[in-house]
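Report on one structure; see the data block that follows.
Taken together, the values in this text are just the output of simple stated rules run on the coordinates, not laboratory data. In this text the structure is predicted, and so the values were computed from the model without any measurement. In this analysis, Cβ positions are derived from the backbone assuming ideal geometry, glycine residues included, and neighbour counts consider all displayed protein chains.
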Amino acid sequence: MTFLDASILLAAEDLDDAHHAASAALLKTGALSTLDLAIYEITNVAERRWRDRAASLRLRERVWAIAELGTLVRVDQPLADRAAELVRQHDLSAYDAAYVAGAERLGVPLASCDQRDLISRGLARAPADLLSQLRAQRSPDPE
């Protein structure tokens, strides 16, 4: 399973994003999870920044598909407490820390396009890196 932050969902929708191809491919790999927070983040970007109602609808449908077919982690007190701890430890936004806490809860890697705050600190992996790992795990071992 792979835990997605909102940047992966947005990059998969945005053809101009440098991470578009890898993010779109990652969405097709199977077991996915995200936070309930993702629905608000993607809606905010699609509706306010992009002004694209159709993209907003597609993005929300992706989150609901993850909720139905994968795992949607909902905020609760232990998750919020862990996020606050991560904010203090790593000087993260509460939003980024919540995604890290969600991935930790499930014991799965966090996929993100956020090089500065998450990937560079070893708290998340870039979509292309995760895809390479998944492909290596699925390919038969030559003997």
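Numerical summary
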{"read-out": "Mean Cβ neighbour count within 10 Å, used as a protection proxy, ranking 27-37, 12-22 highest first", "value": "27-37, 12-22"}
{"read-out": "Charge dipole (debye, nearest 20) of the range 2-137; +1 at Cβ of Lys and Arg, -1 at Cβ of Asp and Glu", "value": "200"}
{"read-out": "Furthest towards positive pole of dipole, L86, G102, V45, structure part the range 42-109, Cβ charges", "value": "V45"}
{"read-out": "Within the range 6-51: Cβ-based charge dipole about Cα centre, in debye rounded to nearest 20 (Lys, Arg +1; Asp, Glu -1)", "value": "40"}
{"read-out": "Neighbourhood net charge (12 Å Cβ-Cβ; Lys/Arg +1, Asp/Glu -1) for A124", "value": "-3"}
{"read-out": "Förster radius 41 Å - calculated FRET efficiency between R138 and W64 (Cβ-Cβ, nearest 0.05)", "value": "0.95"}
{"read-out": "Potential extension, W50-R88 segment - 0.36 nm per residue separation minus Cα distance", "value": "10.5 nm"}
{"read-out": "Estimated [θ] at 222 nm from DSSP helical runs (n ≥ 4, -39500 (n - 2.57)) normalised by residues in the chain, nearest 500", "value": "-17000 deg cm²/dmol"}
{"read-out": "Sum of side-chain charges, R62 neighbourhood, beta-carbon under 12 Å (Lys, Arg +1; Asp, Glu -1)", "value": "0"}
